[in-house]
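Heads up: the structure comes next, in structure tokens.
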Amino acid sequence: MPLPREITVPLAHYRDISTYVPQAGDFIYWAGWFSSWIGVVQNYDSKHEMLEIIFAGLPMLLVSMDTSEYMKNTRSIPLSKLRNTYKGVWAVIHHEPGAIVWYV
């Protein structure tokens, strides 16, 4: 069966990362020149606009991490660092009612 010529469904729902409002459970991706990290938002302090993110190098390491390792792998990052950095350094998968949204 031939593939349709036009794709009518968007590949992903996305928004500019400068509009991102964090929520616990958001999936974070950081890309550097020679490495990349993934993480999950553990906590968001809206008063100080600080994110606590549990990071790991691979998805398997992140999801299989023992709870005793959480603090060792948690980083506090200012929200402004995500919102104001160069495009492509940070990406966030955020769950909203009825949609999964990529902030890039």
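Hey, Trp30 hits all of (1) touching a Gly at 6+ places or on another chain (Cβ under 9 Å); (2) without any contact (Cβ under 8 Å) to a residue 12 or more places away in the chain but one; which does it fall short on?
(2)
Looking at (1) at pLDDT below 95; (2) in contact with a Ser or Thr (Cβ under 8 Å, 6 or more places away or on another chain), which one does Val63 not meet, given that it meets all the others?
Of everything listed in (1) at pLDDT below 95; (2) in contact with a Ser or Thr (Cβ under 8 Å, 6 or more places away or on another chain), Val63 misses just condition (2).
State yes or no: is Val101 surrounded by 13 or more Cβ atoms within 10 Å (Cβ to Cβ), touching a residue at least 40 places away in the same chain (Cβ under 8 Å), in contact with a strand residue (DSSP E or B) (Cβ under 7 Å, 6 or more places away or on another chain) and more than 18 Å from Gly25 (Cβ to Cβ)? Steps first, please.
Details: surrounded by 13 or more Cβ atoms within 10 Å (Cβ to Cβ): yes; touching a residue at least 40 places away in the same chain (Cβ under 8 Å): yes; in contact with a strand residue (DSSP E or B) (Cβ under 7 Å, 6 or more places away or on another chain): yes; more than 18 Å from Gly25 (Cβ to Cβ): no.
No; evaluated as a whole, the condition is false for this residue.
Scan the stretch 65-87 residue by residue and report those that are of a type outside the set (A, V, I, L, M, F, W, C), in contact with a strand residue (DSSP E or B) (Cβ under 9 Å, 6 or more places away or on another chain) and outside any helix (DSSP H, G or I).
Tyr70, Thr74, Arg75, Ser76, Pro78, listed by residue number.
Give the stretch 77-98 a look and list any residue that's of a type outside the set (A, V, I, L, M) and surrounded by 12 or more Cβ atoms within 10 Å (Cβ to Cβ), or say none.
Correct list: Pro78, Lys81, Arg83, Thr85, Trp90, His94, His95.
Can you find, within the stretch 46-76, the residue that is surrounded by the fewest Cβ atoms within 10 Å (Cβ to Cβ) among those that are within 17 Å of Pro22 (Cβ to Cβ) and of a type in the set (A, V, I, L, M)? Working first, answer last.
Applying the first criterion (within 17 Å of Pro22 (Cβ to Cβ)) to the stretch 46-76 yields 46-55, 74-76.
Adding the requirement that they be of a type in the set (A, V, I, L, M) leaves 50-51, 53-54.
Working: Met50: 16, Leu51: 23, Ile53: 23, Ile54: 20.
So the residue we want is Met50.
The values are calculated or read from the model by the stated rules, or taken from the named source; none is laboratory data. Treat the numbers as computed from the prediction; the structure is a model and nothing was measured. As a convention, Cβ positions derive from the backbone with ideal geometry for all residues, glycine included, and neighbour counts pool all protein chains shown.
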